[in-house]
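The structure appears right after this line, and notes come after that.
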Amino acid sequence: MVQEIYIIDDNCELENKLNESFKRESDEYKFRTINTGELEVALRNIPALIIIDEDNTDVKIVEFCKSIRANEDNSITPIIVVSSNEEREHIIEVLKTDA
């Protein structure tokens, strides 16, 4: 069974990098880029993993992660946030959302 990994990114830059990095022989995982406006519909499918590129989205990442966690079906779905923001306070706030 193919498991979907959602990439929240308002362009396909991260998806291209991940596909290149994770070339594989099997089709175990499928990367799917979703823009921020499609999140509610996309979460109905319960992905195996959500990767958010904070630098390429126009959302407040902490609130965005909280909205994912508020979805009962995705309350334990792993979330990875990719960001160039190295401020300690920002990192702590993102980690508090269980990302």
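Things worth noting here:
- For the chain, the list of GluC sites (Glu not before Pro) that fall in a loop by DSSP and count at most 11 other C-beta atoms within 10 angstrom reads Glu25, Glu28, Glu86, Glu87.
- With protein chains left intact and a 1.4 Å probe, residues in the chain average 66 Å² of accessible area per residue.
- Listed residues Arg32, Arg88, Arg69, most fluctuating in the chain (Gaussian network, C-alpha, under 10 Å): Arg88
- Cα-based shape type of the stretch 1-94, given that a ≥ b ≥ c are square roots of the gyration tensor eigenvalues and the cut on a/c is 1.5: oblate
- Rounded percent of accessible protein surface that carbon and sulfur make up, the chain, 1.4 Å probe: 48 percent
- Percentage relative contact order, the chain, counting C-alpha pairs under 8 Å, at least six apart: 30 percent
- Adding -39500 (n - 2.57) for every DSSP H run of four residues or longer, then dividing by how many residues the chain holds, sets the calculated 222 nm ellipticity at -8500 deg cm²/dmol.
The values are calculated or read from the model by the stated rules, or taken from the named source; none is laboratory data. Computed from a predicted structure; not experimentally measured. Ideal geometry is used to build each Cβ from the backbone, glycine not excepted, and the neighbour counts take in all protein chains shown. Note: accessible area is taken over every heavy atom of the protein model, side chains too, but ligands, DNA and RNA are not part of it. Shrake-Rupley method; radii C 1.70, N 1.55, O 1.52, S 1.80 Å.
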